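Trainee: First the structure, which I've put down as structure tokens, then a few questions once you've had a look.
The values are calculated or read from the model by the stated rules, or taken from the named source; none is laboratory data. In this text the structure is predicted, and so the values were computed from the model without any measurement. Reconstructed Cβ throughout: ideal geometry from the backbone, glycine too, with neighbour counts over all protein chains shown. Surface areas here come from the heavy atoms of the whole protein model, side chains and all, with no ligands, DNA or RNA. Shrake-Rupley method; radii C 1.70, N 1.55, O 1.52, S 1.80 Å.
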Amino acid sequence: MPSAEPPTGPGPDTIAAIATPAGRGAIGIVRVAGPLARDIARRLMGKVPVARRATHGAARGAAGQVLDDGIALFFPAPHSYSGEDAFEFQGHGGPVVLHSVLSACLDAGARLAEPGEFTRRAFLNGRMDLAQAEAVADLIDAASAEAARSALRSLAGEFSSAIDGLVAQLVELRALTEATLDFPEEEVDKLHRDDAAARLARLRTALDEVLARSREGSLLRTGIQVVLAGRPNVGKSSLLNRLAGAERAIVTPIPGTTRDALRESIQIDGVPLNLVDTAGLRDSRDEVERLGVERARRELAGADLVLAVHDASAANHSLPAAAPVAAARIDIYNKIDLAPGFSVPQGEFPAVGVSALTGAGIDQLRRAILDAAGWKSHGESVFLARERHLRALQAARGHLAAAAGQGRQWELFAEELRLAQQALAAIAGEFSADALLGEIFSRFCIGK
Ligand SMILES: Nc1nc2c(ncn2[C@@H]2O[C@H](COP(=O)(O)OP(=O)(O)OP(=O)(O)O)[C@@H](O)[C@H]2O)c(=O)[nH]1
Ligand SMILES: [Mg+2]
């Protein structure tokens with residue numbers, strides 16, 4: 001049944017795009033959304049397909065020529081992805097045929113969609129909040145099964161409802177505070193003050209929990225920059241190969257084998273790591289090796305986690321004095337197969353004994369890496385947060401801390417609560433600036 005309501009939303013124009021990836025494929029999809037979708041469906045297919053029912057037919061151009069044969073779908077507003085009338089044609093997945101169908105849609109009055117514009121409209125039409133819209137892109141970009149699962153949960157609203165929960169608590173607390181401002185008698189004030197303090201404490205705990213789960217989940221998005229470093233010949237490249245499960249780096253008994261920094265993307269329990277092998281740190285007269293050592297130092301400076309590799313069978317375990325190791329660090333004692341009875345020195349950093357040759361200790365090393373990176377295997381409960389979300393949560397956290405420090409200054413207390421709420425509301429995209437939306441949606445694919 002056609003909807004009686006005209007489609008709502010930004011701009012009355014109708015957008016169209018090829019929604020499937022460029023190149024040849026079994027099936028290709030052209031999608032149209034907006035007030036002209038119904039009209040375009042009629043022009044291409046000869047009639048408007050029954051709502052939400054797959055309809056087989058030929059798509060025709062303006063002159064009546066057959067462009068392709070496929071399945072047409074029509075979703076009347078508001079029950080479509082973007083909330084507007086939507087038409088979709090699933091045809092043969094060749095670039096030429098898809099472009100001819102797309103052109104027919106454009107000839108019939110649609111314009112080419114911008115990246116993410118369908119999802120942007122879904123957000124503007126209230127079909128999803130901003131965090132959910134972001135989850136759409138994160139799901140498409142997910143680099144591991146864990147990241148995909150987490151994105152799906154955000155898309156289903158799990159992250160948003162955690163934020164909504166915090167906002168609801170804040171709203172209650174603000175209402176209570178406003179009441180106190182209106183009735184400043186002594187007794188009421190004392191009662192409210194105790195109550196408000198207790199509520200604020202609960203709220204801060206809840207927010208810290210969400211922040212912890214978000215920080216952890218953000219690892220799934222960004223990956224962890226892990227750099228192998230140590231003296232020449234201690235087995236850094238062998239460890240990279242062992243962790244990658246493939247012979248990526250050249251390994252020889254000659255000290256100074258690795259010159260260029262070598263990168264390898266690996267996963268541990270679905271957490272993406274960007275593993276970098278570097279030249280052994282030493283003073284060398286060899287020009288090429290010296291440049292390699294310089295690069296190694298640069299990589300170390302940008303690392304989230306440094307794997308400081310030592311040779312367990314050697315007398316001297318220390319890293320060269322000049323090694324800049326500021327980030328989180330794990331000390332790895334390699335070649336334990338050559339050092340029977342070796343006991344791992346306990347120092348300032350977590351330490352493990354391994355053998356890149358036999359694989360001994362490697363599982364323990366993997367766990368140590370995840371621990372050091374802050375992955376507590378909350379697994380199913382982490383939020384695939386973006387930097388934007390973390391910043392908003394941190395801002396809210398700061399305002400709540402400031403509120404807690406306000407004592408009896410109710411006006412200032414109330415103001416900090418208001419600012420905290422504003423920070424949290426930004427996650428769902430309330431009152432979002434156009435620039436922010438542009439920045440978020442421009443990274444989407446066209447047709448999404
Ligand atoms: N027995 C034993 N030998 C190892 C182990 N790990 C590495 N090696 C050997 O140690 C030598 C050096 O290994 P590499 O992985 O090239 O060491 P590296 O730290 O990358 O050396 P540079 O690139 O020169 O800095 C090679 O002969 C490896 O086969 C181990 O766990 N046990
Ligand atoms: Mg090497």
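Trainee: Taking into account only those residues within the range 218-239 that are of a type outside the set (A, V, I, L, M, F, W, C) and more than 9 Å from ligand 2 (Cβ to nearest atom), which is surrounded by the most Cβ atoms within 10 Å (Cβ to Cβ)?
Mentor: It comes out as GLY230.
Trainee: Anything in the range 75-93 that is surrounded by fewer than 24 Cβ atoms within 10 Å (Cβ to Cβ) and within 16 Å of ALA58 (Cβ to Cβ)? List them, or say none.
Mentor: Those that are surrounded by fewer than 24 Cβ atoms within 10 Å (Cβ to Cβ) and within 16 Å of ALA58 (Cβ to Cβ): GLU88, GLN90, GLY91, HIS92.
Trainee: Quickly run through the range 110-154 and pick out the residues that are open to solvent by 50 Å² or more (accessible area, probe 1.4 Å), more than 17 Å from the chain's Cα centre (by Cα) and of a type in the set (A, V, I, L, M, F, W, C).
Mentor: LEU112, LEU124 - these are the residues of the range 110-154 that are open to solvent by 50 Å² or more (accessible area, probe 1.4 Å), more than 17 Å from the chain's Cα centre (by Cα) and of a type in the set (A, V, I, L, M, F, W, C).
Trainee: Something else now. How about the range 311-323: which of its residues are surrounded by fewer than 20 Cβ atoms within 10 Å (Cβ to Cβ) and either out of contact with any strand residue (DSSP E or B) (no Cβ under 7 Å at 6 or more places or on another chain) or of a type in the set (Gly, Ala, Ser) (or both)?
Mentor: Of everything in the range 311-323, those that are surrounded by fewer than 20 Cβ atoms within 10 Å (Cβ to Cβ) and either out of contact with any strand residue (DSSP E or B) (no Cβ under 7 Å at 6 or more places or on another chain) or of a type in the set (Gly, Ala, Ser) (or both) turn out to be SER313, ALA314, ALA315, ASN316, SER318, PRO320, ALA321, ALA322, ALA323.
Trainee: Let me ask something else. With the structure loaded, tell me whether ARG443 is open to solvent by 80 Å² or more (accessible area, probe 1.4 Å) and under 20 Å from the mean Cα position of the chain (by Cα) or whether it fails that test.
Mentor: yes
Trainee: Testing ALA249 on (1) in a helix (DSSP H, G or I); (2) in contact with a strand residue (DSSP E or B) (Cβ under 7 Å, 6 or more places away or on another chain), one condition comes back false. Which one is that?
Mentor: The single condition ALA249 does not satisfy is (1).
Trainee: Would you pick out the residues in the range 277-314 that are more than 22 Å from GLY347 (Cβ to Cβ) and within 12 Å of ligand 1 (Cβ to nearest atom)?
Mentor: If the condition is that a residue be more than 22 Å from GLY347 (Cβ to Cβ) and within 12 Å of ligand 1 (Cβ to nearest atom), then ASP277, ALA279, SER284, ASP286, GLU289, GLY292, VAL293 are the ones that fit.
Trainee: Going residue by residue through the range 414-429, is there one that turns out to be in a loop (DSSP other than H, G, I, E, B), in contact (Cβ under 8 Å) with a residue 60 or more places away in the chain and open to solvent by less than 40 Å² (accessible area, probe 1.4 Å)?
Mentor: Filtering the range 414-429 down to residues in a loop (DSSP other than H, G, I, E, B) leaves 429.
If we keep only those that are in contact (Cβ under 8 Å) with a residue 60 or more places away in the chain as well, we get 429.
Checking which are open to solvent by less than 40 Å² (accessible area, probe 1.4 Å) leaves us with 429.
Yes, the range 414-429 has at least one match.
Trainee: Right, here's the next one. Identify the residue in the range 323-353 that is within 16 Å of ligand 2 (Cβ to nearest atom) and assigned to a loop (DSSP other than H, G, I, E, B) and, among all such residues, is farthest from ALA244 (Cα to Cα).
Mentor: Going through the qualifying residues, I end up with ALA323.
Trainee: Would it be correct to say that LEU203 is among the aliphatic types (A, V, I, L, M), over 30 Å from GLY61 (Cα atoms) and either open to solvent by 30 Å² or more (accessible area, probe 1.4 Å) or part of a helix (DSSP H, G or I) (or both)?
Mentor: So LEU203 fits the description; yes.
Trainee: Is it the case that some residue within the range 354-374 is touching a residue at least 12 places away in the same chain (Cβ under 8 Å), open to solvent by 50 Å² or more (accessible area, probe 1.4 Å) and not in a helix (DSSP H, G or I)?
Mentor: Looking through the range 354-374, at least one residue is touching a residue at least 12 places away in the same chain (Cβ under 8 Å), open to solvent by 50 Å² or more (accessible area, probe 1.4 Å) and not in a helix (DSSP H, G or I).
Trainee: Within the set of pairs 6+ apart or on separate chains, which have a first residue in the range 64-81 that is assigned to a strand (DSSP E or B), a second that is of a type in the set (Val, Ile, Thr) and crowded, with 19+ Cβ neighbours inside 10 Å, and C-beta atoms under 7 Å apart?
Mentor: Listed pairs, sorted by first residue: LEU67/VAL101; ASP68/VAL101; PHE74/VAL48.
Trainee: Now for a different question. What tally of residues in the range 19-66 results from selecting those that are under 36 Å from the mean Cα position of the chain (by Cα) and surrounded by fewer than 17 Cβ atoms within 10 Å (Cβ to Cβ)?
Mentor: 11
Trainee: Please give the number of the condition ILE330 fails out of (1) open to solvent by less than 10 Å² (accessible area, probe 1.4 Å); (2) away from ligand 1 (no atom under 14 Å from the Cβ); (3) more than 20 Å from VAL344 (Cα to Cα).
Mentor: (3)
Trainee: If ALA308 satisfies every condition in (1) open to solvent by less than 10 Å² (accessible area, probe 1.4 Å); (2) touching an Asp or Glu at 6+ places or on another chain (Cβ under 6 Å); (3) within 10 Å of ligand 2 (Cβ to nearest atom) but one, which is the exception?
Mentor: (3)
Trainee: Further, regarding this structure: Can you tell me which residues in the range 219-245 are more than 14 Å from ligand 1 (Cβ to nearest atom) and part of a loop (DSSP other than H, G, I, E, B)?
Mentor: GLY223, GLY245
Trainee: Looking at the range 272-294, which of the residues that are within 16 Å of VAL226 (Cβ to Cβ) and either surrounded by 23 or more Cβ atoms within 10 Å (Cβ to Cβ) or within 15 Å of ligand 2 (Cβ to nearest atom) (or both) is nearest to the chain's Cα centre (by Cα)?
Mentor: Looking at residues that are within 16 Å of VAL226 (Cβ to Cβ) and either surrounded by 23 or more Cβ atoms within 10 Å (Cβ to Cβ) or within 15 Å of ligand 2 (Cβ to nearest atom) (or both), I get LEU273.
Trainee: Does ASP69 qualify as being closer than 30 Å to GLU439 by Cβ, open to solvent by 30 Å² or more (accessible area, probe 1.4 Å), out of contact with any helix residue (DSSP H, G or I) (no Cβ under 8 Å at 6 or more places or on another chain) and charged (D, E, K, R)? Full working, then the answer.
Mentor: On the way: closer than 30 Å to GLU439 by Cβ: no; open to solvent by 30 Å² or more (accessible area, probe 1.4 Å): yes; out of contact with any helix residue (DSSP H, G or I) (no Cβ under 8 Å at 6 or more places or on another chain): yes; charged (D, E, K, R): yes.
In short, no.
Trainee: As an exercise: evaluate GLY256 against (1) part of a helix (DSSP H, G or I); (2) open to solvent by less than 50 Å² (accessible area, probe 1.4 Å); (3) of a type in the set (Gly, Ala, Ser) and give the number of the one condition it does not meet.
Mentor: Of (1) part of a helix (DSSP H, G or I); (2) open to solvent by less than 50 Å² (accessible area, probe 1.4 Å); (3) of a type in the set (Gly, Ala, Ser), only one is false for GLY256: (1).
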